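Here's the structure we're looking at; comments come further down.
Derivation of every value follows stated rules applied to the coordinates shown; laboratory data play no part. Predicted, not measured: the structure shown is a model, and the values here were computed from it. Cβ: placed from backbone, ideal geometry, glycine included. Neighbour counts: every protein chain shown.
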Amino acid sequence: MTDSILLLVTSGSNKKTTFRIHKDASVEDLMRKIADWNGIDPKSQGVLFAGKELASEKKGKKMYISDYKLLDRSELFVVFKLPGGNDPEPPKTLDDDVELSDAPDMITWDDDPDNKRAKMPCGHAISPESLTAYCRSLLTAGKFQFYCPYIDQDNGTYCGQPWEYFIVRRLAVLTEEEKTEFETKMSQNYMRKSAGIQECPQCSVFCMRVNSKDRRVVCLSCSKGTRYEFCWYCLGDWKTFNTTKLWEHGL
């Protein structure tokens with residue numbers, strides 16, 4: 001079957017199949033075959049290949065699998081587009097002085113012209129919602145600085161240019177609550193990473209080690225009557241064979 005190609009389709013670790021399809025088939029044909037396989041409406045799922053979502057139509061033009069350079073044994077990933085039930089948040093609106101970009105969102109690759117995207121100092125595009133979510137993920141991971149995550153799809157070059165907080169604050173259109181959240185986490189993460197400061201896992205006071213090589217530390221705030229020790233690295237309770245005896249001997 002020289003006019004057909006074999007596609008490997010994955011929709012989860014235990015949900016895999018293969019399809020043979022004509023090499024000149026449309027993306028719509030492919031989506032229909034996948035829908036017949038998993039029973040999900042094509043509009044409720046997306047198909048990814050090499051980091052890009054396949055579109056049935058783009059700018060009024062019908063798209064074919066050949067447009068995406070699919071070859072024999074190309075691997076596709078199916079993702080379901082789940083409906084939500086959260087109360088909608090008011091949309092974030094960029095101010096009129098922000099330089100906009102027609103390039104796709106560097107996080108979601110959304111290129112809808114109705115969804116405004118700001119041009120970051122490095123020239124890459126991102127929406128306020130994506131910028132907020134991305135920077136929040138960095139803070140959750142313990143970071144206190146923001147860097148552009150853009151990777152060129154052609155040569156794999158990573159941008160990595162730093163973004164100042166005041167730029168993020170403006171282009172992410174942070175609410176007052178988000179500003180407080182971001183600034184608090186940035187300060188806490190900085191203290192932990194740069195100044196060697198942690199929060200006691202029991203009483204949450206800021207503390208630092210007398211000896212930077214110590215793994216087991218004692219919280220002076222908690223240790224009033226009963227000695228409280230924890231691991232500096234994992235912040236878990238430190239289990240000793242007799243904490244009362246250790247306390248009496250000044251250990």
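Rounded to the nearest 10 degrees, the angle from helix 176-193 to the longest Cα principal axis of the chain is 60 degrees.
On full extension, the segment bounded by M191 and K52 gains 46.2 nm, given 0.36 nm per residue less the C-alpha separation.
Helix 27-38 and the long axis of the chain differ in direction by around 60°, with both axes built from C-alpha atoms. Does anyone have the angle between helix 128-140 and the longest principal axis of the chain? Alpha-carbon axes, 0 to 90°, nearest 10? Roughly 40 degrees, rounded to the nearest 10. Treating each Cα of the chain as an identical point scatterer and summing with the Debye formula, the log10 of I(q)/I(0) at q = 0.08, 0.10, 0.16 Å⁻¹ comes to -0.55, -0.75, -1.16. Straight Cα distances below 23 angstrom link K15 to the lysines K33, K43, K52, K81, with same-chain residues fewer than 8 positions distant left out.
Only helical runs count toward this figure. For the chain, summing -39,500 (n - 2.57) over DSSP H runs of n ≥ 4 and dividing by all residues gives -7000 deg cm²/dmol at 222 nm. Backbone amide hydrogens, once placed in the peptide plane, bring R227 within less than 5 Å of nothing, excluding anything fewer than 5 places away on its chain.
A simple spin-label model places pseudo-atoms 7 Å from Cα toward Cβ; at R136 and K239 they are separated by 3.6 nm.
With the simple model of a label 7 Å out from the Cα in the direction of the Cβ, C231 to L71 spans 4.7 nm.
Highest mobility in the GNM of the chain, judged by mean-square fluctuation with C-alpha springs under 10 Å and restricted to P83, P104, P121, is found for P83. In sequence order, region 101-112 has phi-based couplings of 9, 8, 5, x, 4, 5, 9, 9, 6, 5, 10, 5 Hz under the Karplus curve 6.51 cos²θ - 1.76 cosθ + 1.60, θ = phi - 60°, and Gly or Pro positions carry x.
For a straight C-alpha distance cut-off of 14 angstrom, the aspartates and glutamates reachable from K62 (same-chain residues fewer than eight places away being disregarded) are D24, E28, D29.
In this structure, the amide hydrogen of H124, modeled 1.01 Å from its nitrogen in the peptide plane, lies closer than 5 angstrom to no residue at least 5 positions away or on a different chain. Bridgeable lysines around K239 (alpha carbons under 21 Å apart, same-chain partners fewer than 8 residues away excluded): K213, K224.
For the chain, set up a GNM with springs between Cα atoms under 10 Å and report which of S13, S56, S26 has the largest fluctuation. In this elastic network of the chain, the residue with the biggest mean-square fluctuation among S13, S56, S26 is S13.
Return the FRET efficiency for the residue pair D96, I40: r is the Cβ-Cβ distance, R0 is 41 Å, and the value is rounded to the nearest 0.05.
Working: r = 42 Å, r/R0 = 1.02.
Working from the Cβ atoms, E equals 0.45.
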